[in-house]
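Student: Dumping the structure here so I can ask a few things about it.
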Amino acid sequence: MENNIAILASGTGTNARKIIEHFKTHNDIRVSLVICNRKNAGVLGIAEAHGIPQLVINKEFYADEKSMLDTLKSFNISYLILAGFLWLIPKYMVKHYH
């Protein structure tokens, strides 16, 4: 069974790049989505270069439990990885992704 990871990042993407490169060699885990709150963040280019879908969010979308969880579900996300993401993680996400 494949586990899909979403990386949440806000900046240049140096941590996200290392995570993406690390999991490229794993058959059972893959980075399936990069979520960012800044439309000009370097992490988006890194994700694009690796063929990983990107999602740029605003605070309203992030606070909307149904929209955010539905999006994560559509990518079959098993785990969230924080890589320099600067917003507080909402309680609903902590509850859903231990």
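Student: Pull up segment 78-98, narrow it to residues that are of a type in the set (A, V, I, L, M, F, W, C) and under 12 Å from the mean Cα position of the chain (by Cα), then point me to the one that is most open to solvent (accessible area, probe 1.4 Å).
Tutor: Leu82
Student: Next question. I need the full set of residues from segment 31-45 which are surrounded by 19 or more Cβ atoms within 10 Å (Cβ to Cβ) and in a helix (DSSP H, G or I), in order please.
Tutor: Those that are surrounded by 19 or more Cβ atoms within 10 Å (Cβ to Cβ) and in a helix (DSSP H, G or I): Val43, Leu44.
Student: Could you check segment 63-98 and list, in sequence order, the residues that are within 24 Å of Thr14 (Cβ to Cβ) and either in contact with a Lys or Arg (Cβ under 8 Å, 6 or more places away or on another chain) or aromatic (Phe, Trp, Tyr) (or both)?
Tutor: Phe75, Tyr79, Phe85, Trp87, Tyr97
Student: Of the residues Glu48, Glu60, which is more than 15 Å from Thr14 (Cα to Cα), in a helix (DSSP H, G or I) and out of contact with any Gly (no Cβ under 6 Å at 6 or more places or on another chain)?
Tutor: Every option except Glu60 fails the conditions.
Student: Moving on to the next point. Looking at (1) surrounded by 14 or more Cβ atoms within 10 Å (Cβ to Cβ); (2) touching a strand residue (DSSP E or B) at 6+ places or on another chain (Cβ under 9 Å), can you tell me which one Asp28 breaks?
Tutor: Here Asp28 clears every test but (1).
Student: Of the residues that sit in segment 4-23 and are within 17 Å of Ile57 (Cβ to Cβ) and either of a type outside the set (Val, Ile, Thr) or in a helix (DSSP H, G or I) (or both), which one is most open to solvent (accessible area, probe 1.4 Å)?
Tutor: Gly11
Student: With of a type outside the set (Phe, Trp, Tyr), without any contact (Cβ under 8 Å) to a residue 40 or more places away in the chain and at positive phi as the only criterion, which of Gly42, Gly13, Gly51, Gly84 stands out?
Tutor: When all the criteria are applied, what remains is Gly51.
Student: Go through segment 28-64 residue by residue and tally those that are aliphatic (A, V, I, L, M), over 14 Å from the mean Cα position of the chain (by Cα) and closer than 20 Å to His96 by Cβ.
Tutor: Adding up the residues that qualify gives 1.
Student: Just one of Ser67, Ser78 is over 18 Å from Leu44 (Cβ atoms), of a type in the set (S, T, N, Q) and out of contact with any Phe, Trp or Tyr (no Cβ under 7 Å at 6 or more places or on another chain); which is it?
Tutor: Step by step, each of Ser67, Ser78 is checked, and only Ser78 is over 18 Å from Leu44 (Cβ atoms), of a type in the set (S, T, N, Q) and out of contact with any Phe, Trp or Tyr (no Cβ under 7 Å at 6 or more places or on another chain).
The values are calculated or read from the model by the stated rules, or taken from the named source; none is laboratory data. Bear in mind the structure is a predicted one, so any value in this text is a computation, not a measurement. Note: ideal-geometry Cβ built from the backbone for every residue, glycine included; neighbour counts use all protein chains shown. To get the accessible areas, we keep the full protein, side chains included, count just its heavy atoms, and leave off ligands, DNA and RNA. Shrake-Rupley method; radii C 1.70, N 1.55, O 1.52, S 1.80 Å.
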